[in-house]
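**Q** Just passing along the structure, written as structure tokens.
The values are calculated or read from the model by the stated rules, or taken from the named source; none is laboratory data. Worth saying up front: this structure is predicted, and the values here are computed from it rather than measured. With ideal geometry, Cβ positions are generated from the backbone for all residues, glycine too; neighbour counts draw on all protein chains shown. For the accessible areas, the whole protein counts, side chains as well, though only heavy atoms, and no ligand, DNA or RNA atoms are used. Shrake-Rupley method; radii C 1.70, N 1.55, O 1.52, S 1.80 Å.
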Amino acid sequence: MTNQPALAPGALRRTFEMRFTSTPRGARLARRLAAHRLDAWGIPYGTRPHEEIVLVLGELTANAVRHGHVPGRDFHVRLHAIAPCGTVRIEVTDSRGESLPPEPEGVCAPDDESTGGRGLLLVAALAERWGRHPRSGGPGKTVWAEYSAPAAPAC
């Protein structure tokens, strides 16, 4: 897969993957399960890294439901953490390939009258880096973001 974080020798990898219904309820469930998993992995509830990772995941899952929904198709979440470097990678895959988010350098603030369009600004502000690529093995796309916990030692 492209743009994977570098893995230090002896680093511990943890992965959570699941499919969710492409509905607001599915997006909420993905966010709650990911929050629980992060806590179990040692990124505790109430900490800045936990809250920011969950916010990024929430924005990406909401976008998958709003812009990537195909009737009868689910979206897929993959949460991948590498310890001790503190890198967490979030990947959200949906089945709609023609509805692409802008490239990271193309994200701009909406005008004051707009009621949407701020989610990717949050992702860009909180994630170390993010992007998109075509879904492997079928139609659609994967939008990913990487977060590095500031207290974690560098890999």
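**Q** Consider segment 44-70. How many of its residues are open to solvent by 30 Å² or more (accessible area, probe 1.4 Å), in contact (Cβ under 8 Å) with a residue 24 or more places away in the chain and part of a loop (DSSP other than H, G, I, E, B)?
**A** Total satisfying the criteria: 2.
**Q** Let me ask another. If a residue must be touching a residue at least 40 places away in the same chain (Cβ under 8 Å), over 22 Å from Thr87 (Cα atoms) and surrounded by fewer than 21 Cβ atoms within 10 Å (Cβ to Cβ), how many such residues does segment 136-150 contain?
**A** Number of matching residues: 3.
Results for (1) in a strand (DSSP E or B); (2) closer than 15 Å to Gly68 by Cα; (3) in contact with a Cys (Cβ under 9 Å, 6 or more places away or on another chain), shown as yes or no for each residue.
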| site | (1), (2), (3) |
| --- | --- |
| Glu98 | no, yes, no |
| Pro101 | no, yes, no |
| Pro110 | no, no, no |
| Glu113 | no, no, no |
| Val123 | no, no, no |
| Arg132 | yes, yes, no |
| Gly138 | no, yes, no |
| Thr142 | yes, yes, no |
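Here's the yes/no breakdown for (1) within 24 Å of Gly140 (Cβ to Cβ); (2) at pLDDT 95 or above:
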| site | (1), (2) |
| --- | --- |
| Ala40 | no, no |
| Val56 | yes, yes |
| Val77 | yes, yes |
| Gly97 | yes, no |
| Glu105 | yes, no |
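**Q** Against the conditions (1) modelled with pLDDT under 95; (2) open to solvent by 20 Å² or more (accessible area, probe 1.4 Å); (3) not in a helix (DSSP H, G or I), where does Thr15 fall short? Just the number, please.
**A** Of everything listed in (1) modelled with pLDDT under 95; (2) open to solvent by 20 Å² or more (accessible area, probe 1.4 Å); (3) not in a helix (DSSP H, G or I), Thr15 misses just condition (1).
**Q** Further question on the same structure: Criterion first (small (Gly, Ala, Ser) and not in a helix (DSSP H, G or I)) does Ala27 satisfy it?
**A** In short, no.
**Q** Could you check, for segment 132-141, whether at least one of its residues is of a type in the set (D, E, K, R) and either touching a helix residue (DSSP H, G or I) at 6+ places or on another chain (Cβ under 8 Å) or at pLDDT below 90 (or both)?
**A** No, that holds for no residue.
**Q** When you check Asp111 against the structure, is it open to solvent by 30 Å² or more (accessible area, probe 1.4 Å), at pLDDT below 95 and not β-branched (Val, Ile, Thr), yes or no?
**A** yes
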